[in-house]
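Student: Quick one: the structure is below, and I'll ask about it shortly.
Values in this text are rule-based calculations from the coordinates and carry no lab data. Just so it is clear, the structure is predicted and the values come from calculations on it, not from any experiment. For neighbour counting, all protein chains shown are included, and Cβ atoms are generated from backbone atoms with ideal geometry for every residue, glycine included.
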Amino acid sequence: QLARSSFAVAMLAAGTSASFTGVLSTQYILEGFYSSIRAAIPPWLLRLVTRGLALAPAYWAVSRYGDDIAAEVVEQAQIVVNVSIPFSLIPLIAYLTSETKVGTHYALKGVVATALWCICLGITALNVYAIFNFLIDDDGLDMSRSAAAFICGIYMGTCAHLAMHVPTVPAEQGWWERDLDDKAANRGAGTTSSPMSV
């Protein structure tokens, strides 16, 4: 019972976070493309419309097919999300830990970088285990172990390629170098940097 309650709370928190992230990003994108609309429509009405559009598909599915379909959709969606997490997490960690991409002053290093890679490795290992069991299980695809191992090998190879791929940038000066040069020039000229500068 405790495990079920904890999972329900975690799902509610994750779903709320994902919904707000998606809705807010959509709202900002729309406001960027249609800046004239932002000036003509009150902010509360614009937010109400964008949030309503995000909730409408879920409301329609539940009202049309009932609560059972909602639970099944959430379960299947979580499986897809779990399997695809390394494909976005590995490049993100590689980007944040790369001095080539974000500069020496901003790249994650030491314990933080090691912890991130360990977490990513654990997630990938759990995914491989789950995929393999699903492929060979009678309730799953009921594949042979060799075929399941081949598919898992492709999955692991893709993750390894993403992890070993070295991010590169053009040869010209990086944004962090330009930023540091601008700050140094501003200090030399007796001015302060813009609060929007990173």
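Student: Explain nothing, just compute: Karplus ³J(HN,Hα) = 6.51 cos²θ - 1.76 cosθ + 1.60, θ = phi - 60°, for every residue of segment 62-70 in order, whole Hz, x for Gly and Pro.
Tutor: Working through the residues one at a time gives 5, 5, 7, 10, x, 5, 4, 5, 5 Hz.
Student: Still on this structure, I have one more. Mind ranking 116-128, 140-152 by how tightly packed they are, going by the mean number of other C-beta atoms within 10 angstrom, highest first? Provide the component values of the computation, followed by the final result.
Tutor: Working: 116-128: 15.5, 140-152: 13.3.
Per-residue Cβ counts within 10 Å, averaged per peptide and sorted highest first, yield 116-128, 140-152.
Student: Label points 7 Å out from Cα along the Cβ direction at L108 and S146: separation in nm?
Tutor: 4.1 nm
Student: Under a plain spin-label model, where a point goes 7 Å from the Cα along Cα-to-Cβ, how far apart in nm are S17 and L55?
Tutor: A separation of 2.1 nm, rounded to one decimal place.
Student: Under the 0.36 nm per residue contour assumption, what length would be gained going from the current alpha-carbon distance of C118 and L96 to full extension?
Tutor: Working: separation 22, 0.36 × 22 = 7.92 nm, distance 1.49 nm.
Extra length available between C118 and L96 comes to 6.4 nm.
Student: Follow-up. Highest mean first, what order results for 91-103, 5-17 on Cβ atoms within 10 Å? Numbers along the way, then the final one.
Tutor: Details: 91-103: 15.8, 5-17: 10.5.
Ranked by mean Cβ neighbours within 10 Å, highest first: 91-103, 5-17.
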